[in-house]
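First up is the structure itself, then whatever we jot down about it.
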Amino acid sequence: MGRSLSNSVINLGIRDQYADALKELGFEYEVLAEQEGDAALGNGGLARLSACQMDSLATMDYPAWGYGLRYQYGLFRQVILDGYQHEHPDYWLNFGNPWEIERVHVTYPVKFYGTVEDENFNGGKRKVWLPGEMVEAVAYDNPIPGHGTRNTITLRLWAAKPSDQIDMESYNTGDYINAVVNRQRAETISSVLYPDDRSYQGKELRLKQQYFFVSASLQDIIRRFKDSHSNFDDFPEKVALQLNDTHPSLAIAEVMRVLVDEEHLDWKRAWGIVCKIFSFTTHTVLPEGLEKVPVDLLESLLPRHLQIIYDINFDYIEELKKKIGLDYDRLSRMSIVEDGAVKSIRMANLAIVCSHTVNGVSRVHSELLKTRVFKDFYELWPHKFDYKTNGVTQRRWIVVSNPSLSALISKWLGTEAWIRDVDLLAGLQEQAANVDLHEEWRMVRKLNKMRLAEYIEAMSGIKVSVSAMFDVQIKRIHEYKRQLLNILGIIHRYDCIKNMEKSDRTKVVPRVCIIGGKAAPGYEIAKKIIKLCNAVAEKINNDPDVGDLLKLVFIPDYNVSVAELVIPGADLSQHISTAGHEASGTGNMKFLMNGCLLLATEDGSTVEIIEEIGEDNMFLFGAKMHEVPALRVKGPALKVPLQFASVVRMVRDGYFGFQDYFESLCDKLEGGNDFYLLGYDFQSYLEAQAAADKAFVDQEKWTRMSILSTAGSGRFSSDRTIEEYAEKTWGIEPCKCPF
Ligand code: OAK
């Protein structure tokens, strides 16, 4: 979520009164707002997308709730020492959290482990789960105020607390020490966010977190429903559950368990209800990124859920056989249960089977789902597949983080209505050549660059010139996102400057290259990329031959607040994933809204950005999505430019030090190992960079492109995404607060 204060006062429309009141108390609003720490309750794109969507849901008066975990430790703080990443705990609740409201009376028991037994019931048998452990989920409500509305919705976060019920038993049996230790153990369930952004490791605590989250949220939803309804047949009419990736997909088995075991609905009726309430959004492209839960683990932690999943799978496979016949390869691919070396549950298959809609997060992502990742399912149920291209909220990403641009836009559009109706930004198009607007636009951009330059100096001691082009890549560090391509490009630029006649250096367009992002603690290659960036920065920034022509800054501890500062100050931003790997990307949209030009591959949502603003207004490069598989097959025979070999050699030969440490990084780029095609794309990457340099020299042209970027960003608001979900997937309408 990042910070809440500035966002809240702006959405409530009280920013100026609030600042005045603070002044009377002797405080400066801007200074005070910066004291707030970030709520970092997620890893990256997926979680921040939800944060944007909550803002849109509130602003557009939709009746919605967000659920999550109240981790004691959010995403680790990244500390850079000697250029290496170190992870420090983020104990964000140290001084309390003024935004949350503890609901001491909203608590639910959550059960784990134990056995399942048969019990006689109404002349037949039924299953009874006898759990072995119980904890309490306590609700902490975080209000999300909408903009220009009295509606405020809730992000309800669950904290795990020991259950007194269980404790009493231990105390009574005299096992005092164990009772106290168990109390502590309960709290560990919501203690820490797993920092791996993607890989699923089959860890028990992680699965426990998922079920804890699912069970508490569903009890809350069902309790609310039962307050005013007595018949579950109305449930799908009143409740829509959106599975945000597979992480909460145990909810499917849990709803079945509650309806069948606790509410005593028959299986068929319960199944009919389940199939109407769930929809699923997937946020990844790689099949290996999909969660698989080992059966052994599930059986021990949630024995009844495993039975239910087996039963769902049995019915589904029987139906499937009727439709596709006895094609055993396909049946086995589509099964929810994977019979491999480690027998596992495929959570994505479970989610697809039980959801009425399967969403991608951009058009090309959806195409990949249909033709590759979930091809078998698409052929069976084409009607289920859809996409809602991601979006970001212009409230946080322009109004809060770039107040000067926000004021300028309102002045030139003659209205502030774009803050709620973002399509109005398109009105800037007709002013894109207006010289007065150009002058003001450049002034605003310069102010933001000055703010960023001050931050860079305070944080790293590096002085940067605001007349240089600020070229930014900030996002999680992943091989597919190709921060390494960026760094190799910088090495090439450095080498060119070094080898130039002194007189030619005046022709170089000065650059400040800014890179930021966290690597998962166990992702070694990503950590080496961070070290390489810092090693290259050390060399370049201290080279008097280069001076202000090139600087490289690694911004530590990238988070939402850092993004709010960096994005408005960027001239150029890089979104350079190997085509076919970024499901959508949302950083590109934030930069676009702020008038930053994009240097990008045709991947994820960038494809749709190109359609909105035209390829002339950005710098595109690289292999196209359909070319990538064939290029990979070529392996070592793939031709790479000489410049690429030469920059890799510089790293290999220890030009930046740490020769042994970087060896494995270089090995990933050569000898047919270049899976992400850095070598193949290098030439066109350099050409795109050269085109950016050329455009930057012509400030008139650059400013026009910048205005057109903002003007064309309307489609990438989360307001549009949420409207699509509301209309097409959830069937809900705005529900305005009547007071
Ligand atoms: C994280 C864990 C598992 C699966 C996906 C993710 C994830 O963060 N995916 C990202 O989601 C964003 C929001 O939809 C997309 O913009 C990114 O492209 C995608 O990588």
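The values are calculated or read from the model by the stated rules, or taken from the named source; none is laboratory data. Given the structure is predicted, the values throughout are model-derived calculations rather than measurements. For neighbour counting, all protein chains shown are included, and Cβ atoms are generated from backbone atoms with ideal geometry for every residue, glycine included. Keep in mind that these areas ignore ligands, DNA and RNA; they rest on the heavy atoms of the full protein, side chains included. Shrake-Rupley method; radii C 1.70, N 1.55, O 1.52, S 1.80 Å.
Details
- Of all the listed residues (Gln17, Gln53), the sole one being out of contact with any Lys or Arg (no Cβ under 8 Å at 6 or more places or on another chain), without any contact (Cβ under 8 Å) to a residue 60 or more places away in the chain and polar (S, T, N, Q) is Gln17.
- Residue satisfying condition, being part of a helix (DSSP H, G or I), away from the ligand (no atom under 16 Å from the Cβ), open to solvent by less than 30 Å² (accessible area, probe 1.4 Å) and touching a Leu at 6+ places or on another chain (Cβ under 8 Å), within set Ile308, Ile252, Ile222: Ile252
- Candidate set from region 61-82 (those that are open to solvent by 30 Å² or more (accessible area, probe 1.4 Å) and either more than 19 Å from Pro248 (Cα to Cα) or not in a strand (DSSP E or B) (or both)); member that is farthest from the ligand (Cβ to nearest atom): Asp82
- Note on region 117-143: residues that are surrounded by 17 or more Cβ atoms within 10 Å (Cβ to Cβ), in contact (Cβ under 8 Å) with a residue 40 or more places away in the chain and in contact with a Phe, Trp or Tyr (Cβ under 9 Å, 6 or more places away or on another chain) amount to 6.
- Inside region 22-49, residues that are part of a helix (DSSP H, G or I), over 30 Å from Gln242 (Cα atoms) and open to solvent by less than 50 Å² (accessible area, probe 1.4 Å) make up a count of 3.
- Members of region 314-370 that are charged (D, E, K, R), under 23 Å from Tyr211 (Cβ atoms) and out of contact with any Pro (no Cβ under 8 Å at 6 or more places or on another chain): Asp315, Glu338, Arg346
- Tyr655 meets all of the listed conditions (1) open to solvent by 50 Å² or more (accessible area, probe 1.4 Å); (2) part of a loop (DSSP other than H, G, I, E, B); (3) under 22 Å from His581 (Cα atoms); (4) not β-branched (Val, Ile, Thr) but one, namely (3).
- Residue match in region 228-236 (condition: outside any helix (DSSP H, G or I), over 22 Å from Pro109 (Cα atoms) and within 16 Å of the ligand (Cβ to nearest atom)): no
- Odd one out for Tyr113 among (1) in contact with a Gly (Cβ under 8 Å, 6 or more places away or on another chain); (2) open to solvent by 80 Å² or more (accessible area, probe 1.4 Å); (3) of a type outside the set (S, T, N, Q): (2)
- Residue in region 190-199 that is modelled with pLDDT of 95 or more, within 16 Å of the ligand (Cβ to nearest atom), of a type in the set (Ser, Thr, Tyr) and not in a loop (DSSP other than H, G, I, E, B) present: no
- Qualifying residue in region 334-355 (condition: more than 16 Å from the ligand (Cβ to nearest atom), part of a loop (DSSP other than H, G, I, E, B), surrounded by 22 or more Cβ atoms within 10 Å (Cβ to Cβ) and more than 25 Å from the chain's Cα centre (by Cα)): yes
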